[in-house]
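Everything below concerns the one structure shown next.
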Amino acid sequence: MSKSYWGPGSVTFWLVGVVTLLMLFLGVRGFIQPEAAIRGFGIPLHDTADSYLVHIKADRDLSIGIFLLALMVLRMRKALLVLMLTSI
């Protein structure tokens, strides 16, 4: 293996994989169970008409997760670094 190889043998590859799965989970859960998803963040949803705010957050989480997954598959670690730092 060369020094520039980044893949399943790298610890950082698996850490990015965990973050990617978490973002995908949060996004999907926000669409399927918006009330439970927002309660998981400690914010009560008093009116179900306000669930569009949860959908906006879920859409953001899902799109970040898909983008992370795409960059992971393409093994673009510098782009992943920039995306993760700007997302924080």
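Throughout, read-outs are computed from the coordinates displayed, never taken from laboratory work. Worth saying up front: this structure is predicted, and the values here are computed from it rather than measured. Virtual Cβ from ideal backbone geometry, glycine too; neighbours counted across all protein chains shown.
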Using DSSP to call loops (not H, G, I, E or B), can you name the trypsin sites (Lys or Arg not before Pro) in the chain whose Cβ has at most 11 other Cβ atoms within 10 angstrom?
K3
Under a point-charge model restricted to the Cβ atoms of Lys and Arg (+1) and Asp and Glu (-1), what is the dipole moment magnitude of the chain relative to its Cα centre, in debye to the nearest 20?
560 debye
List the chymotrypsin sites (Phe, Trp or Tyr not before Pro) in segment 30-88 that DSSP assigns to loop (not H, G, I, E or B) and whose Cβ has at most 15 other Cβ atoms within 10 Å. Which are they?
F41
Equivalent ellipsoid semi-axes, the chain, via Cα gyration tensor eigenvalues times 5, rooted, Å
32, 11, 9
Using bins 10 angstrom wide from zero, how does P(r) for segment 6-55 break down, in % of all Cα pairs?
25, 37, 20, 15, 4
Taking Cα atoms only, helix 51-73 is inclined relative to the longest principal axis of the chain by an angle, in degrees rounded to 10, of 10 degrees
Nearest 500 deg cm²/dmol is fine: what mean residue ellipticity at 222 nm does the chain get from its DSSP H runs of n ≥ 4 alone, each adding -39,500 (n - 2.57), divided by its residue count?
-23500 deg cm²/dmol
